[in-house]
Amino acid sequence: MQLSPLEIIRRESLQKLRELGINPYPAEEFKTTATIKDILANFDAFEGKEVVLAGRMMSRRIMGKASFAELKDASGRMQIYINRDEISSDDEGTMYNTVFKKLLDMGDIIGIKGDVFKTKVGEESVNVKELTVLSKSLRPLPVVKTGADGKVHDAFSDAELRYRQRYVDLIVNDHVKETFIKRTKITNSIRDFFNKRNYLEVETPILQPIPGGAAARPFKTHHNALDMPLYLRIANELYLKRLIVGGFDAVYEFSKDFRNEGMDRTHNPEFTVMELYVAYKDYHWMMNMTEELLEKVAMDSNGTPEVQIGENMVSFKAPYPRVPILEAIKIHTGFDVAGMGENELKEVCKKVGVAVDETMGIGKLIDELFGSTCEHHYIQPTFITDYPKEMSPLTKEHRSNPALTERFELMVNGKELANAYSELNDPIEQRARFEEQLKLTEKGDDEAMFIDQDFLRALEYGMPPTSGIGIGIDRLVMFMTNNSSIQEVLFFPQMRPEKKAVEMSEDEKAIFNILKANSPMLLNDLKTQSGLSNKKWDKTIKDLTKKNIAKINNTEEGLFVELGK
RNA sequence: GACCUGGUAGCUCAGUUGGUAGAGCACCUCCCUUUUAAGGAGGUGGUCCUGGGUUCGAGCCCCAGCCCGGUCACCA
């Protein structure tokens with residue numbers, strides 16, 4: 001491993017600490033007596049009192065025999081004051097002159113014991129009397145400074161570095177931590193709301209033999225012992241409904257779902273959906289519940305129902321308008337598409353500039369129409385209701401119009417936040433709808449649904465009328481924290497693997513150089529030219545292929561070696 | 001998948017018609033006992049994303065590729 005000069009210095013400091021008899025990674029518990037947030041919030045009560053704190057040293061101002069440093073613990077940051085004669089026990093002032101000034105660095109984790117006080121200029125500080133090294137940091141952190149005016153200098157802002165090394169992002173960018181704390185507040189708020197109603201939080205399979213409950217391309221894997229394919233779930237809907245069949249009145253799950261599709265700033269291959277199913281309810285009830293829930297979530301996470309989302313101020317205060325989708329299309333395009341067939345719909349699409357193709361059925365056409373002409377208009381929370389049957393295979397037929405279903409999507413800031421139905425519980429109708437989906441598959445829609453026979457069997461035993469909802473948690477967190485990228489609300493968003501610099505041995509380099517000159521070449525020629533012994537040749541070429549530097553091809557003309565990617 | 005930006009020191013970024021690779025912070029040495037983007041003096045540090053090409057000479061121009069980001073397509 002190639003170390004930078006800064007890293008070498010830190011490793012030398014580590015060694016010198018050991019030589020002084022200081023363990024840079026001590027095992028003992030370090031008992032703290034306060035948190036920085038507490039001290040700052042109740043300064044008068046702490047002033048003059050002794051505290052023990054632990055945290056990371058984020059900056060240092062050394063002024064001869066005294067220094068100031070910034071200590072950051074999990075709760076906040078505060079200044080500490082370190083005086084040579086206060087922390088050193090010997091005449092040389094080793095603890096100060098050598099340990100603190102020379103061997104410690106920004107980023108080191110230390111424990112301090114000292115008295116709370118206020119400096120001449122009024123900064124709340126701790127006058128350190130004892131300093132303990134708790135963990136030496138071997139890599140330099142990005143240096144971010146904040147001016148007196150709150151202006152941040154040299155912010156650690158490179159998105160790639162921030163996502164790949166989220167731990168660094170969390171250390172130096174305090175607002176990032178706030179986002180994730182808020183994320184947990186949001187999910188806690190939802191759990192609290194449901195648990196108070198005695199809804200049961202459950203867990204259902206992530207590895208599924210049939211990926212059902214949504215239309216999306218799944219990730220496929222393989223179980224060795226069973227020798228069968230398994231899929232990572234794209235939704236958990238069909239399993240939660242089985243539990244409603246089993247007699248639970250209300251079940252919910254925060255479900256990590258996986259979809260093998262494109263990635264952009266609103267899509268990550270793994271994401272979180274909260275799905276809830278409540279027996280004996282319908283989608284009207286579900287809209288009422290959703291309004292109530294989201295207003296509470298906004299209050300719990302932000303203290304107000306008003307949330308700034310980009311340029312828009314969005315209010316989650318209930319109630320929200322309810323607009324049938326065909327009505328929305330009429331409002332925004334002027335076309336009444338109710339009852340139209342496929343060809344008529346395609347005409348309308350063409351007139352309003354929506355691209356169509358052969359695989360699109362009525363459902364997809366209406367969805368496209370809504371998506372491109374209406375969706376972006378709904379900034380304030382709005383329930384779009386009564387979707388056409390073709391695009392909702394798991395939804396109960398509308399009680400007063402057989403062409404529609406009892407479904408709603410909740411639009412916020414022009415994006416879908418939730419999707420809910422009066423669930424289809426007629427097993428015969430459900431089987432027919434699945435078969436419709438199968439036809440779509442044959443037509444070329446690779447995202448149409450699979451048929452889950454066991455789910456149909458469950459429905460045949462009888463499922464009570466039920467309403468269900470799925471809420472996109474990542475999106476909800478994006479709204480509540482005013483982030484426009486899903487990567488900002490996931491600790492570890494999916495990234496392409498970093499390319500690692502592959503290190504080669506001398507033998508490997510020699511073969512690599514021969515190969516570079518004439519790839520591909522006959523394996524035997526390469527072996528001869530390398531001049532290696534049989535054993536050495538075998539090990540070297542195997543290591544090269546393992547590292548994907550070389551590739552062996554068995555062709556009719558013989559064994560060839562070529563450069564890998 | 002298509003198009004557009006970008007990739008230079010540990011971090012944030014400059015880099016002129018193609019002519020010795022720069023700044024601030026960080027780091028190292030020294031001074032400094034209530035400072036705060038601490039200050040003062042001096043110094044170290046580079047695979048200019050990778051590989052080709054053009055050229056006497058490439059961080060810069062050309063070609064191919066890699067990676068991040070953005071826009072679009074896709075995502076009921």
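Side notes on the structure shown:
- Residue within region A:359-377 that is in contact with a strand residue (DSSP E or B) (Cβ under 7 Å, 6 or more places away or on another chain), at pLDDT 90 or above and outside any helix (DSSP H, G or I) present: no
- Yes/no for A:Tyr199 being within 16 Å of RNA strand B (Cβ to nearest atom), of a type outside the set (Gly, Ala, Ser) and surrounded by 15 or more Cβ atoms within 10 Å (Cβ to Cβ): no
- Residue among A:Ile190, A:Ile206 that is closer than 30 Å to A:Arg496 by Cβ and more than 7 Å from RNA strand B (Cβ to nearest atom): A:Ile206
- Meeting the requirement of 1 or more residues that are open to solvent by 10 Å² or more (accessible area, probe 1.4 Å) and among the small types (Gly, Ala, Ser), the strands (runs of 3 or more DSSP E) wholly within region A:290-341 are A:312-315.
- Residue, modelled with the lowest pLDDT, within region A:421-474, restricted to residues that are closer than 26 Å to A:Tyr199 by Cβ and of a type in the set (Asp, Glu): A:Asp452
Condition check ((1) in a helix (DSSP H, G or I); (2) away from RNA strand B (no atom under 13 Å from the Cβ); (3) more than 29 Å from the chain's Cα centre (by Cα)) across all residues:
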position	(1), (2), (3)
A:Lys351	yes, yes, yes
A:Asp357	no, no, yes
A:Ile379	no, yes, no
A:Leu404	no, yes, yes
A:Glu409	no, no, no
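- So A:Phe180, is it more than 30 Å from A:Met391 (Cα to Cα) and either within 15 Å of RNA strand B (Cβ to nearest atom) or open to solvent by 70 Å² or more (accessible area, probe 1.4 Å) (or both): no
- Restricting region A:378-405 to residues that are surrounded by fewer than 18 Cβ atoms within 10 Å (Cβ to Cβ) and more than 23 Å from A:Phe316 (Cα to Cα), the residue that is modelled with the lowest pLDDT: A:Ala403
- Selection count, region A:144-162, where residues are near RNA strand B (Cβ under 6 Å from one of its atoms), touching a residue at least 24 places away in the same chain (Cβ under 8 Å) and within 26 Å of the chain's Cα centre (by Cα): 2
- Considering the conditions (1) open to solvent by less than 20 Å² (accessible area, probe 1.4 Å); (2) assigned to a loop (DSSP other than H, G, I, E, B); (3) not β-branched (Val, Ile, Thr), A:Leu226 is excluded by exactly one of them, (1).
- Residue in region A:120-128 that is more than 30 Å from A:Ile181 (Cβ to Cβ), buried (at least 19 other Cβ atoms within 10 Å of the Cβ) and more than 9 Å from RNA strand B (Cβ to nearest atom) present: no
The values are calculated or read from the model by the stated rules, or taken from the named source; none is laboratory data. Please read these numbers as outputs of a predicted model, since none were measured by experiment. Note that each Cβ is placed from the backbone with ideal geometry, even for glycine, and that neighbours are counted across all protein chains shown. Just so you know, the surface numbers come from the protein's heavy atoms only, side chains and all, with ligands and any DNA or RNA stripped out. Shrake-Rupley method; radii C 1.70, N 1.55, O 1.52, S 1.80 Å.
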